[in-house]
Amino acid sequence: MRTSQTSQNMKCGLSTRHIRFIALGPAIGTGLFYGSASAIQMAGPAVLLAYILGGAVVFMVMRALGEMAVRNPTSGSFATMPLNLSGVSLASPQGGLTPLKCLWWLWQM
């Protein structure tokens, strides 16, 4: 279900809030890097293997989200992707995937 370009204006630009969050990411990453030294000392190289595996999973998910954003650019977050790609049936609360149902599926896995 695509909307017309006249009703959906996209703008290009970063606000100060965006720049602050971009600057916050490396600070958190550095803290995790320094904090992992004690875990590596206790568990050995298995921690590095777990980090590499987790990083690969995150990389694949972000790559998939990037592909979806390039294929169907919308002015909204990634939460608008199910509505645009599958129609109202999956994204609507009446019969689709509500956050509560997604949480239930997560705990079932």
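The values are calculated or read from the model by the stated rules, or taken from the named source; none is laboratory data. In this text, all values refer to a predicted model and were calculated from it rather than measured experimentally. No Cβ is skipped: glycine too gets one built from the backbone with ideal geometry, and neighbour counts run over all protein chains shown. Side chains are part of the model used for accessible areas, which takes the heavy atoms of the whole protein and leaves out ligands, DNA and RNA. Shrake-Rupley method; radii C 1.70, N 1.55, O 1.52, S 1.80 Å.
For SER75, the criteria (1) surrounded by 10 or more Cβ atoms within 10 Å (Cβ to Cβ); (2) small (Gly, Ala, Ser); (3) more than 27 Å from LYS11 (Cα to Cα) hold in every case but one, which is (3).
Taking every residue in the range 4-18 that is under 17 Å from ALA69 (Cβ atoms) and pairing it with any residue that is surrounded by 10 or more Cβ atoms within 10 Å (Cβ to Cβ) and modelled with pLDDT under 80, at least 6 positions away or on another chain, the pairs with Cβ-Cβ distances below 6 Å are GLN8/SER75; MET10/SER75.
The set of residues from the range 1-36 being modelled with pLDDT of 85 or more and touching a Pro at 6+ places or on another chain (Cβ under 8 Å) is empty.
Annotation note: Cβ proximity below 9 Å between a residue of the range 41-65 that is open to solvent by 100 Å² or more (accessible area, probe 1.4 Å) and a residue that is assigned to a helix (DSSP H, G or I) and not basic (Lys, Arg) (sequence gap 6+ or interchain) occurs for TYR51/SER36.
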